[in-house]
Amino acid sequence: MIDKSKFCEYIREYEKMMYSLAFSITGNEADSGDVLSEAILRAYKNLGSLKKENSFKPWILQIVHNVSVEYIRKNAKLITMAEIP
């Protein structure tokens, strides 16, 4: 397991890559920022599930992907509900 300082170091190292992934899915800068914040929070809370330190990159990118897709689905439902008269 990695410690807090190492976690922060990895986040800084992969931040641009994480943001690019979120943006490629959401297509929006503001949404990508929201996704990134949520993904980092989830990753930190679930740090114990990271099996090997050298697998941090694919692990965090998968979290960003999952949060991005959830965000899109959630907002699509909200938009659909708002369109109902």
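Solvent-accessible surface of segment 1-58, taken per residue with a 1.4 Å probe and all protein chains present: 66 Å².
Overall dimensions of segment 1-46, expressed as equivalent-ellipsoid semi-axes from the Cα gyration tensor (√(5λ), whole Å, largest first), are 21, 11, 7. Computing FRET efficiency as 1/(1 + (r/R0)^6) for L61 and C8, where r is the C-beta to C-beta distance and R0 is 22 Å, gives about 0.80. With Cα atoms as the point set, the radius of gyration and Dmax of the chain evaluate to 14.4, 51 Å.
Relative to the current alpha-carbon distance between S49 and V69, full extension at 0.36 nm per residue lengthens the span by 5.1 nm. Protein heavy-atom surface of segment 1-80, 1.4 angstrom probe: 55% of the accessible area is carbon and sulfur, with nucleic acids and ligands not counted. Working from the Cα coordinates of segment 20-70, the gyration tensor eigenvalues give, after taking √(5λ), semi-axes of 21, 11, 7 Å in decreasing order.
The values are calculated or read from the model by the stated rules, or taken from the named source; none is laboratory data. Since the model is a prediction, treat every value here as computed from it, not as a measurement. Glycine also receives a Cβ, built like all others from the backbone with ideal geometry; neighbour counts cover every protein chain displayed. Accessible surface is based on the protein model in full, side chains and every heavy atom, while ligands, DNA and RNA are left aside. Shrake-Rupley method; radii C 1.70, N 1.55, O 1.52, S 1.80 Å.
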